[in-house]
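Single-structure report; data block below.
The values are calculated or read from the model by the stated rules, or taken from the named source; none is laboratory data. Everything numeric here is computed off the predicted structure, so don't read it as measured data. Neighbour counts are summed over all protein chains in view; Cβ atoms, including those assigned to glycine, are modelled from backbone coordinates with ideal geometry.
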């Protein structure tokens with residue numbers, strides 16, 4: 001699963017990405033610092049099954065701290081989009097192409113209103129962040145529409161004359177964007193257009209594209225620079241219909257993670273507190289900065305970890321499952337206890353889980369065993385969050 005981090009330039013996208021991944025994205029207070037997309041691993045938290053079984057895990061792909069597993073999820077930091085990006089302005093077409101395989105989007109918005117439409121710094125409060133939300137919606141929808149528009153009249157006539165399923169043709173056209181047939185069907189139902197595309201107006205084609213965007217690329221709002229934002233801006237963003245809105249202070253999260261890595265503080269991502277390491281010596285500047293951060297996060301945290309988890313568990317409806325090879329010892333063939341954690345779509349069955357482990361295991365799948373109950377589970381069983389499962393496959 002891949003989560004794209006999007007927004008106009010200079011709103012803190014790369015700071016958000018760096019805070020979430022501790023990867024070295026370039027950060028600077030001017031537009032188009034990021035040109036090529038940055039990829040890295042963020043993490044989402046889930047209770048480790050070690051608590052249920054009374055064992056100590058030996059994780060390989062997901063660290064465990066005090067019974068909490070940090071499960072990796074791929075993040076993609078895309079260069080800033082400006083008005084007209086879908087037409088190529090600001091290298092917009094190239095930047096939008098980076099989003100093709102993103103399953104969900106986190107739209108980082110400058111809630112302080114301190115950057116104009118192109119990402120240039122202006123006086124805080126000068127820009128209405130609601131305009132940034134609407135602008136990005138339109139850019140992505142127009143990008144999808146521009147793909148559908150290519151030879152659309154010719155395609156529409158072929159659908160009409162040959163009696164083809166319009167959903168299948170549109171899905172094929174948009175398959176490179178990760179759009180599924182079900183996404184297209186849902187979009188057509190929600191817009192109420194007829195099945196004859198030769199009768200669709202340009203406005204209807206935009207409505208279809210907009211609906212496909214909402215369904216296939218679900219998005220939440222990270223209201224960044226919340227520590228500097230007027231309360232009115234945060235209130236209005238929070239009232240946006242159809243969006244989860246998470247107040248964020250990405251600079252604070254990045255500062256805390258750097259301080260933790262540098263051995264100055266004990267801080268777990270997503271926490272609303274931190275403690276100084278024993279014997280830590282801070283400069284006056286460092287002390288003031290950390291006290292400012294401490295005061296801010298005690299009520300709401302920095303929002304970065306919350307935004308990633310909201311995207312994973314609410315937008316994408318993922319659950320965490322734990323594959324093992326021995327359901328009694330809870331180990332893999334190397335003897336590691338509860339070694340791995342995987343994220344799968346809610347409603348997935350054990351066969352889908354087998355394919356997530358390895359294509360060959362999926363191809364040779366026979367059955368599965370629930371390690372908590374020690375009972376076999378059928379192919380129609382829906383995996384639950386926290387399930388520990390042994391996959392049985394052909395030798």
Qualifying positions in the range 374-383 - in a strand (DSSP E or B) and touching a helix residue (DSSP H, G or I) at 6+ places or on another chain (Cβ under 9 Å) | 377
Inside the range 117-138, can you point out the residues that are assigned to a loop (DSSP other than H, G, I, E, B) and either touching a helix residue (DSSP H, G or I) at 6+ places or on another chain (Cβ under 9 Å) or surrounded by 15 or more Cβ atoms within 10 Å (Cβ to Cβ) (or both)?
-> 117, 118, 119, 124, 125, 127, 128
Restricting attention to the range 109-116, does a residue exist that is within 27 Å of residue 312 (Cα to Cα), under 25 Å from the mean Cα position of the chain (by Cα), at pLDDT 85 or above and in a helix (DSSP H, G or I)?
-> no
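Residues are listed down the side, and each one gets a yes or a no for (1) at pLDDT 85 or above; (2) surrounded by fewer than 24 Cβ atoms within 10 Å (Cβ to Cβ); (3) touching a helix residue (DSSP H, G or I) at 6+ places or on another chain (Cβ under 6 Å); (4) outside any helix (DSSP H, G or I):
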{"site": "52", "(1), (2), (3), (4)": "yes, yes, no, no"}
{"site": "55", "(1), (2), (3), (4)": "yes, yes, no, yes"}
{"site": "60", "(1), (2), (3), (4)": "yes, yes, no, yes"}
{"site": "64", "(1), (2), (3), (4)": "yes, yes, no, yes"}
{"site": "72", "(1), (2), (3), (4)": "yes, yes, no, yes"}
{"site": "86", "(1), (2), (3), (4)": "no, yes, yes, no"}
Are any of the residues in the range 242-253 buried (at least 20 other Cβ atoms within 10 Å of the Cβ) and more than 21 Å from the chain's Cα centre (by Cα)?
-> no
When the range 374-395 is checked residue by residue, the ones that are touching a residue at least 40 places away in the same chain (Cβ under 8 Å), farther than 22 Å from residue 44 by Cα and surrounded by 15 or more Cβ atoms within 10 Å (Cβ to Cβ) are 390, 391
Give the range 340-373 a look and list any residue that's under 22 Å from residue 46 (Cβ atoms), part of a loop (DSSP other than H, G, I, E, B) and over 24 Å from the mean Cα position of the chain (by Cα), or say none.
-> 371, 372, 373
Note on the range 265-282: residues in contact (Cβ under 8 Å) with a residue 60 or more places away in the chain and either over 28 Å from the mean Cα position of the chain (by Cα) or closer than 15 Å to residue 300 by Cβ (or both) are 269, 270
So which residues in the range 154-204 are part of a helix (DSSP H, G or I), surrounded by fewer than 11 Cβ atoms within 10 Å (Cβ to Cβ) and modelled with pLDDT under 90, if there are any at all?
-> 154, 161, 162
Only one of 81, 99, 76 that is in contact with a strand residue (DSSP E or B) (Cβ under 7 Å, 6 or more places away or on another chain), in a strand (DSSP E or B) and at pLDDT below 95 = 76
Taking the range 262-300, which residues are in a loop (DSSP other than H, G, I, E, B), within 28 Å of residue 44 (Cβ to Cβ) and touching a strand residue (DSSP E or B) at 6+ places or on another chain (Cβ under 9 Å)?
-> 264, 267, 268, 269, 270, 274, 277
Evaluate the following for residue 141: is it in contact with a strand residue (DSSP E or B) (Cβ under 9 Å, 6 or more places away or on another chain), outside any strand (DSSP E or B), modelled with pLDDT of 85 or more and under 30 Å from residue 42 (Cβ atoms)?
-> no
Residue hits (the range 229-256; closer than 14 Å to residue 296 by Cβ and either in a loop (DSSP other than H, G, I, E, B) or touching a strand residue (DSSP E or B) at 6+ places or on another chain (Cβ under 8 Å) (or both)) are 229, 234, 247, 248, 249, 250, 256
Qualifying residue in the range 223-241 (condition: under 23 Å from residue 99 (Cα atoms), buried (at least 20 other Cβ atoms within 10 Å of the Cβ) and touching a residue at least 24 places away in the same chain (Cβ under 8 Å)) = yes
Among (1) at pLDDT 95 or above; (2) in a helix (DSSP H, G or I), which single condition is residue 259 missing?
-> (1)
Confirm whether residue 156 is in contact (Cβ under 8 Å) with a residue 40 or more places away in the chain, under 25 Å from residue 216 (Cα atoms) and within 21 Å of the chain's Cα centre (by Cα).
-> no
Across (1) within 17 Å of residue 73 (Cβ to Cβ); (2) surrounded by fewer than 21 Cβ atoms within 10 Å (Cβ to Cβ); (3) touching a helix residue (DSSP H, G or I) at 6+ places or on another chain (Cβ under 9 Å), residue 292 clears everything bar (1)
